[in-house]
1. Run down VAL53, VAL31 and say which single residue is modelled with pLDDT of 90 or more, out of contact with any Lys or Arg (no Cβ under 8 Å at 6 or more places or on another chain) and in a helix (DSSP H, G or I).
2. Report the residue count in the range 30-43 for those that are surrounded by 12 or more Cβ atoms within 10 Å (Cβ to Cβ) and either of a type in the set (D, E, K, R) or farther than 16 Å from GLN10 by Cα (or both).
3. If you scan the range 62-86, which residues turn out to be farther than 15 Å from GLY24 by Cα, open to solvent by 60 Å² or more (accessible area, probe 1.4 Å), in a helix (DSSP H, G or I) and in contact with a helix residue (DSSP H, G or I) (Cβ under 8 Å, 6 or more places away or on another chain)?
Amino acid sequence: SPAIAGVGEQIDAGGFAMVGVTPGGTVADAVATLTRLGSAVGYSGMEWASPLVLTPPCDLLGMPLSQARGTMSWLGQVARALQEVD
């Protein structure tokens with residue numbers, strides 16, 4: 001799709017991609033989804049993980065503090081696991 005191609009072009013130009021990830025499910029499920037997205041763009045492993053910035057899909061300001069912390073912790077787990085993908 002043109003949107004996916006645009007992500008690849010942005011990364012190729014030295015940029016990064018901000019990807020909203022909905023907390024829930026397992027870390028492995030989230031990594032599998034992100035890996036499939038990377039494959040669609042033409043990247044794999046560390047070449048894909050390095051230019052990604054994982055974000056929550058919604059504004060944290062409206063969340064209770066404990067939920068916001070949990071969301072950010074979960075995103076950190078996903079980011080660390082994504083760094084280990086070959």
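The values are calculated or read from the model by the stated rules, or taken from the named source; none is laboratory data. Since this is a predicted model, take the numbers as computed values, not measurements. Cβ placement follows ideal geometry from the backbone for every residue including glycine, while neighbour counts extend to all protein chains displayed. Side chains are part of the model used for accessible areas, which takes the heavy atoms of the whole protein and leaves out ligands, DNA and RNA. Shrake-Rupley method; radii C 1.70, N 1.55, O 1.52, S 1.80 Å.
1. Values: VAL53 fails: in a helix (DSSP H, G or I).
After ruling out the rest, the residue left standing is VAL31.
2. Restricting attention to the range 30-43, the residues satisfying the condition of being surrounded by 12 or more Cβ atoms within 10 Å (Cβ to Cβ) are 30-35, 37-38, 40-43.
Of the ones still in play, those that are also either of a type in the set (D, E, K, R) or farther than 16 Å from GLN10 by Cα (or both) are 30-35.
Final tally of qualifying residues: 6.
3. Within the range 62-86, GLN83 is the sole residue that qualifies.
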